[in-house]
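Peer 1: The structure follows.
Where a number appears in this text, it was derived from the coordinates with a stated rule and is not lab data. Fair warning: this is a prediction, and the values are worked out from it, not measured in the lab. Using ideal geometry, Cβ is built from the backbone for each residue, glycine included, and neighbour counts are taken over all protein chains shown.
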Amino acid sequence: MNYNEFKELVEKRYSVRKFEDRKVEKEKILEVLDAARFAPSAHNYQPWHFLILTEKDILEKVQSTFKPQWFKAAPAVIVALADHEKSWVRDDGKDHSDVDLGIIVDHLTLAATANGLGTCWVCAFDAKKCKELLELPENVEPVALIPIGYPKYPTAKNKIREDLETMVSWEEYKK
Ligand SMILES: Cc1cc2nc3c(=O)[nH]c(=O)nc-3n(C[C@H](O)[C@H](O)[C@H](O)COP(=O)(O)O)c2cc1C
């Protein structure tokens, strides 16, 4: 893949909130995770686990932890889990699992786009309720819910982003 192809992929990825009424093949979801697992992590501790929900009962339960209606229409949800017993903790106490999860979930969303699928990060869910519903152990935190399916619209319409000039400074911090 050359730079232009990579840039096309990252520009194509967007937060999909409208899915086709169509199941996603399990193999396709596994392909996406098979690419995502090459993500870097602090100390290579890989403090993550991905719980894939496709069956109606459990899917509906987890979908109840995030209210917007569009979320109920996702044919599958991947729960991105951080294992705090596996994550790297810096000397000052900062647990890096959020950083590691951010990277792998980004890999996942890009791999999904490359595979014709749409995803959306969801963090505004009731994490406490989700943890209870899924009977997760104490050390395991649901960090994000990732609905995944075939997007109704395959390409982003309009991506509003800061300009490169305002995002970057050289040699000295300037804002
Ligand atoms: C850490 C994180 C949390 C997010 N949480 C939510 C969320 O709870 N609900 C939602 O609809 N979108 C959520 N988003 C999606 C953002 O709104 C979206 O990425 C942003 O508006 C940029 O749009 P784009 O993804 O289409 O490029 C989240 C994104 C990130 C990275």
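Peer 1: Rounded if a/c is under 1.5, else prolate if a/b beats b/c, else oblate: with a ≥ b ≥ c from the C-alpha gyration tensor eigenvalues square-rooted, which is segment 1-62?
Peer 2: Values: a/c = 2.27, a/b = 1.24, b/c = 1.84.
Taking the square roots of the gyration eigenvalues as a ≥ b ≥ c, segment 1-62 is oblate.
Peer 1: Here is a follow-up. Count charges around Glu138 for me, please; just the other residues with Cβ under 14 Å from its Cβ, Lys/Arg as +1, Asp/Glu as -1.
Peer 2: Working: positive: Lys86, Lys128, Lys131; negative: Asp83, Glu85, Glu132, Glu135, Glu141.
It works out to a net charge of -2.
Peer 1: With charges set only on the Cβ (+1 for Lys and Arg, -1 for Asp and Glu), what does the dipole of the chain come to about its Cα centre, in debye to the nearest 20? Don't skip to the answer; put the middle values down first.
Peer 2: On the way: 26 positive and 30 negative charges, 179 e Å.
It works out to roughly 860 debye.
Peer 1: Sticking with this structure for a sec: In whole percent, what relative contact order does segment 15-154 give with Cα contacts below 8 Å and a gap of six or more residues? Walk me through the numbers on the way to the answer.
Peer 2: Numbers: 248 pairs, mean separation 52.5, N = 140.
Value for segment 15-154: 38 percent.
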